1. Suppose we keep only residues that are in a helix (DSSP H, G or I) and surrounded by 12 or more Cβ atoms within 10 Å (Cβ to Cβ) within segment 55-73. Which one would you say is modelled with the lowest pLDDT?
2. Would you mind stating whether residue 98 is in contact (Cβ under 8 Å) with a residue 60 or more places away in the chain and either more than 20 Å from the chain's Cα centre (by Cα) or under 24 Å from residue 185 (Cα atoms) (or both)?
3. What's the number of the condition residue 39 fails, among (1) closer than 28 Å to residue 141 by Cα; (2) in contact with a helix residue (DSSP H, G or I) (Cβ under 6 Å, 6 or more places away or on another chain); (3) at pLDDT below 75?
4. Between 120, 109, 76, which is part of a helix (DSSP H, G or I) and surrounded by fewer than 16 Cβ atoms within 10 Å (Cβ to Cβ)?
5. When you look at residue 117, is it over 15 Å from the mean Cα position of the chain (by Cα), modelled with pLDDT of 90 or more and closer than 24 Å to residue 8 by Cβ, yes or no?
6. Return the pairs, sorted by first residue and then second, in which the second residue is at pLDDT below 75 and not in a helix (DSSP H, G or I), the first residue lies in segment 1-20 and is more than 20 Å from residue 55 (Cβ to Cβ), the beta carbons are less than 8 Å apart, and the residues are 6+ apart or on different chains.
7. Could you check how many residues of segment 89-106 are surrounded by fewer than 19 Cβ atoms within 10 Å (Cβ to Cβ) and farther than 14 Å from residue 147 by Cβ?
């Protein structure tokens, strides 16, 4: 499974190139049609609309070509056929995150479910690397079932953070070292603590 940090790095590059090309060609078109004389007549609306159509096809095509590279897509599409090895219970109330098991120890390459329940507000459940990048997240809506299936392929120690705005106190909703993954051949270099190495 591709790591979310790798997918994000690739998509940043692809969409930056896409945006620069789109902006520069639309700028060129705007420059040409605002000039006097022959230049104005050399840029026909058909060119603009053809180019706009190509941008739409390429932009949506990027999503269709890359959606299966996202780590959570194959798991979500086949979730009915996947049995999780363990379920971790997480409770949210009064801007506090309470874990039934702290830390949550996850063996490598094992499907687990993070089952979160809010008793009052809408919060977020985010698994965060030590460099503050996001591994995965979900919204935690009050009085509803909120669960997230995940599988880890790298060793690491991860924090849990609320990823939804729930008032000023929500910024402090962090549980450090809440998820510890062991047993993998590879380490998540962005989530290793000194004692993990």
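The values are calculated or read from the model by the stated rules, or taken from the named source; none is laboratory data. As the structure is a computational prediction, the values presented were derived from the model and not from experiment. Using ideal geometry, Cβ is built from the backbone for each residue, glycine included, and neighbour counts are taken over all protein chains shown.
1. Step one: of segment 55-73, the residues in a helix (DSSP H, G or I) are 55-69, 73.
The next check asks that each one be surrounded by 12 or more Cβ atoms within 10 Å (Cβ to Cβ); those that pass are 55, 58-59, 62, 66, 69, 73.
Working: 55: 81, 58: 81, 59: 79, 62: 74, 66: 68, 69: 63, 73: 69.
So, considering only residues that are in a helix (DSSP H, G or I) and surrounded by 12 or more Cβ atoms within 10 Å (Cβ to Cβ), the one modelled with the lowest pLDDT is 69.
2. Considered against the rule, which asks whether it is in contact (Cβ under 8 Å) with a residue 60 or more places away in the chain and either more than 20 Å from the chain's Cα centre (by Cα) or under 24 Å from residue 185 (Cα atoms) (or both), residue 98 comes out as no.
3. Residue 39 satisfies every listed condition except (1).
4. 76
5. Numbers: over 15 Å from the mean Cα position of the chain (by Cα): yes; modelled with pLDDT of 90 or more: yes; closer than 24 Å to residue 8 by Cβ: no.
When the stated conditions are applied, residue 117 does not pass them.
6. If the second residue must be at pLDDT below 75 and not in a helix (DSSP H, G or I), the pairs left are 1/71; 2/70; 2/71; 3/71; 4/70; 4/71; 7/70; 7/71.
7. Looking only at segment 89-106, we keep the residues that are surrounded by fewer than 19 Cβ atoms within 10 Å (Cβ to Cβ), and these are 89, 91, 93-96, 98-103, 105.
Imposing the further condition that a residue be farther than 14 Å from residue 147 by Cβ reduces the set to 93-96, 98-99, 101-103, 105.
Residues meeting the conditions: 10.
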